[in-house]
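J.: Please read through the structure below; I'll follow up with questions.
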Amino acid sequence: MTSRNARMLERTARRRLRRGGPASVANLGLGLALRHRSMPVGSEASAAFDDLFDRLVRLLAATRGPGHVEELLRLLDAARPDDPEHDRYVASVLASCQQPADLVVVYGEGVAASEELRACLLHELVLRGVPVAELPGIAAWATSPHWCDHPLAALPLVPAEPEREPDLPAYSVDGSGYGFPYPDPEARHPAPRPLAAPVVAVETTTAATARAMASAVANWAEHPEEPEGRVEARTFAFAEPLEPDGVPGALLSLGLDCLTDLGELPEPGRRTAFGVVPVEAAEVWQLLFAASSTGGAYDSACYGAYGRLHAWRSLALLAGVPPDAPASEVEARVRECTWYRFGADTPWFHRVVWDLGVLAVTPDGRRLAVLAATTTD
């Protein structure tokens, strides 16, 4: 198979969908899957098939109509029976394009749908405000104990306050689009603020804390196609409560890698190379969610369900709550903390698009947690 053959077969699939229905598209995919097994791994023919298969999946998942979801599941079961990363992508497309009532079939007994697809689809729907507890076919599965050990099972079935308006992708057969929440690289820094005298702090970062706090941006640094990714996650304790006006000065005095070689701050009234602004917890969650769900400069997206999980893990550790704490406890502490976004023109940041700097101060003012990340293409 060549790329040209793949394009021709895709056009054939679109005609079949209009004339013969979704079963004809699934049958085409199943026939091609049998041929694919004899193709050398890594060959041009194999790569062309993978691309075509993804287009057939997209065609069924993004087009509404009777039987589309059922035939998609039949195709996935035969050709991609054990592919969690692909399941996450399919769940995102289905939740974006299909009616919730048509997705109940995914949770039916005897249906060939993976647990990963079901778990991801569940939380993709939650993010889109679908009341899953009111859809009996989905609610029965979501509240059953058999999947309690799945990582996504700990997430609530209704959106928490900070995630009421998530920035989610919109898919079609031919493409997708989503918002970009990161600050403008040319106008990201606020006007200078008075810097109070630095305060004495003791670093309290542990390897486990740093790893969990960096959950939302781990794909920026750990994905093999993100060679330029960097992450810094650290926590500090203060002997005296940290006042709001003291946050910029404290941040500069902590010896953060991301603020090394900042240079001289400009005079008041001029554009600053460093700035800190208070923000709502929802804005921080949105940044963390986008970082994980859409990925960095390359193909490192975790999609909505795991983006939600990773955003909450990072938010919990920033707020000083264990990552396995109940969602209600995390949400309560998040509301109590003071949240900030910061930016800096330093060599550590790439200053292109994907720069993230957030921090949280606990209600008593004695703990500051900071998370910074950057990547570029």
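The values are calculated or read from the model by the stated rules, or taken from the named source; none is laboratory data. All figures in this text were calculated on a predicted structure; none of them were measured in a lab. Because the Cβ atoms are built from the backbone with ideal geometry, glycine has one as well, and the counts that use them run over all protein chains shown. SASA here: full protein model, heavy atoms, side chains in, ligands and nucleic acids out. Shrake-Rupley method; radii C 1.70, N 1.55, O 1.52, S 1.80 Å.
J.: Within the stretch 200-215, take every residue that is part of a helix (DSSP H, G or I) and of a type in the set (A, V, I, L, M) and give me the one that is farthest from A319 (Cα to Cα).
T.: Quick first cut of the stretch 200-215, residues part of a helix (DSSP H, G or I) only: 207-213, 215.
From the residues that got through so far, the ones that are of a type in the set (A, V, I, L, M) too are 207-208, 210, 212-213.
Working: A207: 17, A208: 15, A210: 13, A212: 12, M213: 10 Å.
Applying the filter and picking the extreme gives A207.
J.: Kindly provide the set of residues from the stretch 306-331 that are farther than 22 Å from N219 by Cα and in a helix (DSSP H, G or I), ordered by number.
T.: A327, S328, E329, V330, E331, listed by residue number.
J.: Further question: Could you check, for the stretch 241-251, whether at least one of its residues is of a type in the set (A, V, I, L, M, F, W, C), under 30 Å from P169 (Cα atoms), modelled with pLDDT of 90 or more and crowded, with 16+ Cβ neighbours inside 10 Å?
T.: The first filter runs over the stretch 241-251 and keeps only residues of a type in the set (A, V, I, L, M, F, W, C), leaving 242, 247, 250-251.
Restricting the remaining residues to those that are under 30 Å from P169 (Cα atoms) gives none.
Checked the stretch 241-251: no residue is of a type in the set (A, V, I, L, M, F, W, C), under 30 Å from P169 (Cα atoms), modelled with pLDDT of 90 or more and crowded, with 16+ Cβ neighbours inside 10 Å.
J.: Tell me which residues, restricted to the stretch 218-233, are open to solvent by less than 40 Å² (accessible area, probe 1.4 Å), within 14 Å of A372 (Cβ to Cβ) and out of contact with any Cys (no Cβ under 7 Å at 6 or more places or on another chain).
T.: Residues of the stretch 218-233 open to solvent by less than 40 Å² (accessible area, probe 1.4 Å): 218-220, 226, 229, 232-233.
Restricting the remaining residues to those that are within 14 Å of A372 (Cβ to Cβ) gives 218, 220, 229, 232-233.
Residues satisfying the conditions are A218, W220, G229, A233.
J.: Please specify each residue of the stretch 67-82 satisfying the condition of being free of Cβ contacts under 8 Å to residues at least 40 places away in the same chain and either touching a His at 6+ places or on another chain (Cβ under 6 Å) or farther than 17 Å from L17 by Cβ (or both).
T.: Quick first cut of the stretch 67-82, residues free of Cβ contacts under 8 Å to residues at least 40 places away in the same chain only: 69, 77, 80-82.
Passing the criteria: D77, R80, P81, D82.
J.: Please list, ordered by residue number, the helices (runs of 4 or more DSSP H) wholly in the stretch 64-116 having 1 or more residues that are touching an Asp or Glu at 6+ places or on another chain (Cβ under 9 Å) and closer than 19 Å to V25 by Cα.
T.: 68-79, 84-97
J.: List the residue pairs whose Cβ atoms are under 7 Å apart, where the first residue sits in the stretch 113-136 and is in contact (Cβ under 8 Å) with a residue 40 or more places away in the chain, the second is basic (K, R) and crowded, with 19+ Cβ neighbours inside 10 Å, and the two are 6 or more positions apart or on different chains.
T.: Going by the 7 Å Cβ cut-off, the qualifying pairs are C120/R88; H123/R308; L127/R308.
J.: Being crowded, with 16+ Cβ neighbours inside 10 Å and farther than 12 Å from A373 by Cα is the filter here; which residues of the stretch 201-217 pass it?
T.: Listed by number, the residues that qualify are A201, T209, A210, A212.
Condition check ((1) open to solvent by less than 30 Å² (accessible area, probe 1.4 Å); (2) not hydrophobic (A, V, I, L, M, F, W, C)) across all residues:
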position: H86; (1), (2): yes, yes
position: S92; (1), (2): yes, yes
position: Q99; (1), (2): no, yes
position: A113; (1), (2): yes, no
position: C120; (1), (2): yes, no
position: R128; (1), (2): no, yes
position: L135; (1), (2): no, no
position: L152; (1), (2): yes, no
position: E163; (1), (2): yes, yes
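J.: Could you list, in sequence order, the residues of the stretch 332-377 that are at pLDDT 95 or above and of a type in the set (F, W, Y)?
T.: Residues satisfying the conditions are W339, Y340.
J.: State whether the residues of the stretch 344-358 include one that is more than 20 Å from the chain's Cα centre (by Cα), in a strand (DSSP E or B) and surrounded by fewer than 23 Cβ atoms within 10 Å (Cβ to Cβ).
T.: For the stretch 344-358, residues more than 20 Å from the chain's Cα centre (by Cα), in a strand (DSSP E or B) and surrounded by fewer than 23 Cβ atoms within 10 Å (Cβ to Cβ): absent.
J.: Hey, can you tell me all the residues within the stretch 319-376 that are under 25 Å from G246 (Cα atoms) and among the basic types (K, R)?
T.: Hits for the stretch 319-376 are R333, R335, R341, R366, R367.
J.: When the residues of the stretch 252-262 are filtered to those that are part of a loop (DSSP other than H, G, I, E, B) and open to solvent by 10 Å² or more (accessible area, probe 1.4 Å), which remaining residue is farthest from D364 (Cα to Cα)? Even if it seems obvious, please write down each step before you answer.
T.: The first filter runs over the stretch 252-262 and keeps only residues part of a loop (DSSP other than H, G, I, E, B), leaving 253-256, 260-262.
Checking the rest, the ones that are also open to solvent by 10 Å² or more (accessible area, probe 1.4 Å) come to 253-255, 260-262.
Working: S253: 20, L254: 19, G255: 23, T260: 28, D261: 31, L262: 29 Å.
Looking at the filtered set, the residue picked out is D261.
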